[in-house]
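Input: a single structure, listed below in structure tokens.
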Amino acid sequence: MIVYVNGQWLEDTEATVSFQDRAFVFADAVYEVLHIYNGALFKLDLHQERLQKGLDTLRIPYRANDLKPVFDELLKRNPGVQRGSLYVQVSRGAAPRAHGLPKLKEPTIVAYVKPFQPDLRIWEQGGRAVLVEDLRWQMCHVKTTGLLLNCMAKEEALERGCDDAIFHRGEIVTEASASNLFIVKNGTLLTHPNGPWILPGITRHVVIELARKEGIPVEEVQFTKADLLAADELFLTGTLSEVAPYVEVDGQKIGNGQVGPVTRRIQEAFRSETGV
Ligand SMILES: Cc1ncc(COP(=O)(O)O)c(C=O)c1O
């Protein structure tokens, strides 16, 4: 696999970054994951926009739009990847360890693509989730590489024999370990509003637009764990999870424990949007 590291094209086994890189020391970096459908990047403009917002928030001086030629070249150099993912990470760069933000001119940029196949079991039958207290920071809208609590939540889900973890802050349900979350109640989609407690997901955005086009009402409102457990349907959305139905939370069935009709409509609309 040919990867991109700071202007160089290298075999993945040859690619390295400095031990002083601030991504490594402080998670001082933002990243994006894009889905490749039929050899093309899905919603590139939205990913670039979000990346730019993250860079601006962290005050990393870099223009996300400058990555476009890198992405094009990556796809060219890895022509077998018809269905896959592209990972890109921009860190502030390498500097001797100090908490203040150094004024570095050269960010560290790493990008690579790899093949990806969706989890059809969850898409078709629905997954099982556990509820986990959301102990993450108050800037979850910034897509930094500081994902340890997301990883620990996912691990807790796996250890409990489930597929994913759903975060809650007190009674309020926020999102999942690497996906946004929607419930269906009486034909209406409910999802946590954008803000510091969730990542403003690209898939979430696409799903809201598709639902409105389909005539399905959407409300961006907070709801509780009790609302979640009493929902008719539940699904998660993410670049790689796409539209993933969930039929059980903490051992309790959601609705009748089967993937519901509204979720199926959203999945179908999303599938046509991606062209696969
Ligand atoms: C915490 C979290 N929420 C939501 C999402 C979904 O975002 P997107 O649809 O842009 O992939 C992700 C994706 O990685 C995530 O990590």
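Nothing in this text is a laboratory measurement; each read-out follows from the coordinates by a stated rule. This is a predicted model, so every value here is computed, not measured. Cβ sites come from the backbone with ideal geometry, for glycine too, and all protein chains shown count toward neighbours.
Under the criterion of Cα pairs below 8 Å and six or more residues apart, the relative contact order for the chain equals 18 percent. For the stretch 120-274, the gyration tensor built on C-alpha atoms gives a rounded shape. Its axis ratio a/c (a ≥ b ≥ c) stays under 1.5.
Taken over the stretch 2-115, lysine pairs spaced eight or more positions apart, or on distinct chains, with alpha carbons under 22 Å apart number 11.
With one equal scatterer per alpha carbon and no solvent term, the Debye-computed log10 I(q)/I(0) for the chain at 0.14, 0.15 1/Å reads -1.03, -1.16.
Tell me, what is the FRET efficiency for Lys225 and Lys53 to the nearest 0.05, using R0 = 30 angstrom and their Cβ-Cβ distance as r?
0.50
Annotation for Lys253 and Gln20: the two label points, set 7 Å from Cα along the Cα-Cβ direction, are 6.1 nm apart.
The lysine pair count for the stretch 120-274, using Cα distances under 18 Å and pairs eight or more places apart or on different chains, is 4. Take the Cβ atoms of Trp137 and Arg77, set R0 to 51 Å, and the FRET efficiency comes out at 0.90. Where only DSSP H runs of four or more residues are counted, the chain gives -8500 deg cm²/dmol as its mean residue ellipticity at 222 nm, each run worth -39500 (n - 2.57). Dipole of the chain computed with +1 at Lys/Arg Cβ and -1 at Asp/Glu Cβ about the Cα centre; of Ile166, Tyr62, Trp123, farthest Cα towards the positive end is Tyr62.
Dipole magnitude for the stretch 174-227: computed about the Cα centre from +1 point charges on Lys and Arg Cβ and -1 point charges on Asp and Glu Cβ, it is near 60 debye.
Around Asn65, what is the net charge, scoring Lys/Arg as +1 and Asp/Glu as -1 over all other residues with Cβ under 12 Å from its Cβ? Once all neighbours under 12 Å are counted, the net charge is -1.
For a label point 7 Å from the Cα of Val218 along Cα→C-beta, name the residues of the stretch 240-260 whose backbone N is under 18 Å from it. Under cut-off, by backbone N: 240-246. Selection among Thr108, Leu135, Pro79 by position relative to the dipole of the stretch 1-144 gives Leu135 as farthest towards the positive end (Cβ unit charges, Cα centre). Its relative contact order, with pairs defined as Cα atoms under 8 Å and 6+ residues apart, puts the stretch 2-115 at 38 percent. In a reduced charge model with +1 at each Lys and Arg Cβ and -1 at each Asp and Glu Cβ, the stretch 49-170 shows a dipole moment near 540 debye about its Cα centre.
Per-peptide packing, taken as the mean over residues of other Cβ atoms within 10 Å, places 13-21, 94-102, 26-34, 155-163 in the sequence 26-34, 155-163, 13-21, 94-102 from highest down.
When +1 charges are put on Lys and Arg Cβ atoms and -1 charges on Asp and Glu Cβ atoms, the dipole computed for the chain relative to its Cα centre reaches about 580 debye. Phi angles of the stretch 59-71 translate, via the Karplus equation with coefficients 6.51, -1.76, 1.60 and θ = phi - 60°, into HN-Hα couplings of 6, 9, x, 7, 9, 4, 5, 5, 7, 3, x, 5, 4 Hz per residue; Gly and Pro are given as x. Beta bridges from DSSP with both residues in the stretch 114-245: antiparallel share about 70 percent, rounded to the nearest 5. Using 0.36 nm per residue and subtracting the Cα-Cα separation, the extra length available between Glu171 and Arg121 on full extension is 15.0 nm. Diffusion coefficient of the stretch 207-276 by Stokes-Einstein, Kirkwood radius over Cα pairs, 4 °C, 1.567 mPa s: 100 µm²/s. Computed from Cα atoms, the angle from the helix 148-159 axis to the main principal axis of the chain rounds to 50 degrees. Expressed to the nearest 5 percent, the antiparallel share of DSSP beta bridges inside the chain is 80 percent. Per-residue 3J(HN,Hα) values for the stretch 201-214, derived from phi via the Karplus relation 6.51 cos²θ - 1.76 cosθ + 1.60 with θ = phi - 60°, read x, 5, 5, 3, 4, 4, 5, 4, 5, 5, 4, 5, 4, 7 Hz in sequence order (x marks Gly and Pro).
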